[in-house]
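FYI, it's all coordinate maths here, none of it is from the lab. All of these numbers come straight from a predicted model, not from anything done at the bench. Here Cβ is always computed from backbone atoms with ideal geometry, including for glycine, and neighbour counts include all displayed protein chains.
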Number of protein chains: 2
Amino acid sequence: MDGALQAVLDTMRTLGSVRHFRPDPVPLDVLCAILEAATWAPSARNAQPWFFVVVQDRQRKAAIGELYLKAWRVAQSYTEGSGADRDIDGRPGYRGMIRAVDDLAAHMSETPVIILACLDTTQLGPMAQHGNIIAPQSAYASIFPAVQNLMLAARSYGLGSTLTTVYSAVEDDIRRACKIPAHVHIAALIPLGYPSRPFRHVKRKPVDEVAFLDCWGTPLPTRGRSSK
Amino acid sequence: MDGALQAVLDTMRTLGSVRHFRPDPVPLDVLCAILEAATWAPSARNAQPWFFVVVQDRQRKAAIGELYLKAWRVAQSYTEGSGADRDIDGRPGYRGMIRAVDDLAAHMSETPVIILACLDTTQLGPMAQHGNIIAPQSAYASIFPAVQNLMLAARSYGLGSTLTTVYSAVEDDIRRACKIPAHVHIAALIPLGYPSRPFRHVKRKPVDEVAFLDCWGTPLPTRGRSSK
C-alpha cells in the first residue's frame with residue numbers, strides 16, 4: 001500500500017472521539033489550516049453555506065460550557081428516565097463513553113478551543129425558508145462532510161476533537177453568547193485540543209455486518225478484508 | 001510539513017465531485033477497504049446506524065438510473081421555474097456544474113458502482129420514531145461523516161465519486177428496486193468509479209470569508225494562510 005493511502009486510512013482509523021484535553025493552546029496557523037480543510041468539502045449546489053466560529057475567549061467558553069452542561073443534564077435525565085439508550089447500553093464501551101461525555105460536559109469551558117460549525121440558512125436556496133431548514137437531508141449533507149474534514153485534518157495535526165449536537169436544546173442561548181444571527185443554525189459544536197491520552201484505533205462493526213451487494217440481505221464477499 | 005499530514009490535506013483538496021467515469025470496474029477489495037474506512041466515522045451514541053448497499057448489477061443500476069433521471073428532471077424544472085438557484089447561478093462554474101449533473105443523471109446506469117449509504121431508523125434510538133427521523137441534525141451527523149470518509153478513502157485509491165441527494169423524491173422506488181426495508185432511509189446515493197479526467201484542486205471561498213474568532217463578525221487573523 002502506498003504511503004499517502006496508508007496515511008489517509010491511518011488518520012481515519014485513529015479518529016476516535018477525544019473528550020479529555022491538555023490545556024495547551026492551539027496555534028492560530030493550525031486552526032486556519034484545519035478550517036481551510038473543512039472548506040474543501042462538498043455541499044449541495046456547491047453553495048458552501050458554512051460559517052465557523054472559533055471560540056478561544058475564556059469568558060465565552062465559560063458561557064458555552066454552562067449552557068452545554070445544562071443541555072447535557074436534560075438529555076441525560078431524559079435518556080435515563082425513558083430508557084432511550086436501551087438498545088445500546090449493554091454494549092461494551094457504553095458506560096465508559098457516557099462517563100467521558102459527562103466529563104466533557106462538566107469541563108467544556110476548559111477545552112482549548114470550541115468550534116461552532118454553522119449553516120447559513122440564507123445560502124441554502126430551496127432547502128430553507130424564512131430561516132428554517134425544510135430539506136434537512138441536503139442541508140446537513142452540506143455541513144457534516146466539512147465537519148469530518150475538519151476533524152480529520154485536526155487529527156493529522158495531532159489534535160483531538162468530538163462531534164457534538166447535544167447542545168441543541170440551548171442553541172438559541174449559544175447563538176446569543178456568540179452574537180450569531182437568528183438565520184444561522186449551529187449544526188455542530190466541536191471541542192478541540194491536544195488529547196491527554198494517545199490516539200487509538202477505533203472499534204467498529206465489521207464491514208460484512210453493514211454492507212450488502214446489489215440488494216438488501218445479499219452479503220458482500222469480504223473474506224479476509226474486515227477489521228484486522 | 002510531514003508526509004502523512006500532506007497526504008491527508010492533498011486528498012481533501014483534490015476531492016472534487018466526479019460525474020464522468022471510465023467504464024473500468026472497481027475491484028472488490030478496494031470497495032471493502034473504502035467501506036471499512038466509512039465505518040471508522042463517528043455517530044451519535046456510537047450506534048453506527050449505517051448500512052451500505054453496493055450496486056454493481058447492470059439491471060439494478062439501470063432501474064436506479066431511470067428513477068434518478070426522473071427525480072433530476074423534476075428538480076431541474078422546479079429550479080428553473082422557481083428561480084431556486086438565483087442566489088448562485090451567476091457564479092463562475094455554476095453552468096458547468098449543472099451540465100455535469102445533467103450528464104451524470106443521463107448516464108447514471110453506466111456508472112461502475114452506485115453506493116447507497118443508509119440510516120437504519122431502528123438504530124437511531126430517540127432520534128427516530130416509527131421509522132421517521134425526528135432529530136435530523138443528530139441523525140444526519142451519524143451518516144455524512146461516514147460518507148465523507150468513504151469518498152476520501154475512494155479518492156486515495158484513485159476513485160472519483162459525488163455525494164447526491166437529488167433522488168429524494170423517488171427514494172421509495174429506489175428502496176424497492178434494492179429490496180431495502182421501509183424503516184431504512186437512503187441518506188446518500190454515491191456514484192463511484194475511476195474518473196475520466198484528472199483530479200484537480202477544488203476552488204472554495206477563502207477561510208477569512210467564512211471563519212470568525214470568538215464571536216460572529218470578528219475576523220479570524222488569517223493573513224498568509226488562505227488558499228494558495
- Query: With point charges of +1 on the Cβ of Lys and Arg and -1 on the Cβ of Asp and Glu, referenced to the Cα centre of the protein assembly as shown, which listed residue (B:Ser82, A:Val8, B:Ala135) lies farthest in the positive direction of the dipole?
  - Reply: A:Val8
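Using Cβ contacts closer than 10 Å as the measure, can you line up B:Met1, B:Met127, B:Met151, B:Met97 from fewest to most?
Working: B:Met1 9, B:Met127 24, B:Met151 32, B:Met97 16.
In order of increasing Cβ crowding within 10 Å: B:Met1, B:Met97, B:Met127, B:Met151.
How shielded is B:128-138 by partner chains, expressed as the average number of their Cβ atoms within 10 Å of its Cβ atoms? Please list the in-between numbers first.
Details: counts 0, 0, 0, 0, 0, 2, 0, 3, 6, 14, 7.
Whole-number average of other-chain Cβ neighbours for B:128-138 is 3.
Could you give the dipole magnitude of region B:24-194 about its Cα centre, charging the beta-carbon of Lys and Arg +1 and that of Asp and Glu -1, in debye to the nearest 20?
Details: 14 positive and 16 negative charges, 24 e Å.
About 120 debye.
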- Theoretical ellipticity at 222 nm over the protein assembly as shown - DSSP helices of four or more residues, -39500 (n - 2.57) apiece, nearest 500: -12000 deg cm²/dmol
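Between A:Glu110 and A:Ala169, what is the FRET efficiency for a Förster distance of 22 Å, r being their Cβ-Cβ separation, to the nearest 0.05? Don't jump to the answer; show the numbers that get you there.
Details: r = 22 Å, r/R0 = 1.01.
Computed FRET efficiency for A:Glu110 and A:Ala169: 0.50.
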- Task: Name the shape class, rounded, prolate or oblate, that the alpha-carbon gyration tensor gives for region A:85-228, where a ≥ b ≥ c are the square roots of its eigenvalues, rounded holds for a/c under 1.5, and otherwise prolate holds if a/b is larger than b/c and oblate otherwise.
- Result: oblate
- Quick one: dipole size for region B:139-228, taken about the Cα centre, charges +1 on Lys/Arg Cβ and -1 on Asp/Glu Cβ, in debye to the nearest 20. 480 debye
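Within 11 Å, Cβ to Cβ, of A:Phe199, how many net charges do the neighbouring residues add up to if Lys/Arg are +1 and Asp/Glu are -1?
Working: positive: A:Arg13, A:Arg155, A:Arg197, A:Arg200; negative: A:Asp10.
Once positives and negatives cancel, what remains is +3.
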- Message: Quick check: net charge around B:Ala169, other residues with Cβ under 13 Å of its Cβ, Lys/Arg +1 and Asp/Glu -1?
- Response: 0
- Can you put B:Tyr157, B:Tyr78, A:Tyr167, A:Tyr194 in order of Cβ neighbours within 10 angstrom, beginning with the fewest? B:Tyr78, A:Tyr194, B:Tyr157, A:Tyr167
- Query: What are the lysines whose alpha-carbon lies under 16 Å from the alpha-carbon of B:Lys70, with same-chain residues fewer than 8 places away excluded?
  - Reply: B:Lys61
- Using the alpha-carbon centroid of each, what span in Å lies between region A:52-122 and region B:125-181? 25 Å
- Note on the structure: When A:Ile88, B:Ile134, A:Ile180, B:Ile114 are ranked with the fewest other C-beta atoms within 10 Å first, the list becomes B:Ile134, A:Ile88, A:Ile180, B:Ile114
- Everything considered on the Cα gyration tensor (a ≥ b ≥ c; rounded for a/c under 1.5, else prolate if a/b is larger than b/c, else oblate), the protein assembly as shown must be described as rounded
- Query: From the Cα gyration tensor of region B:1-132, with a ≥ b ≥ c the square roots of its eigenvalues, which class applies: rounded if a/c is under 1.5, or else prolate if a/b is larger than b/c, or else oblate?
  - Reply: rounded
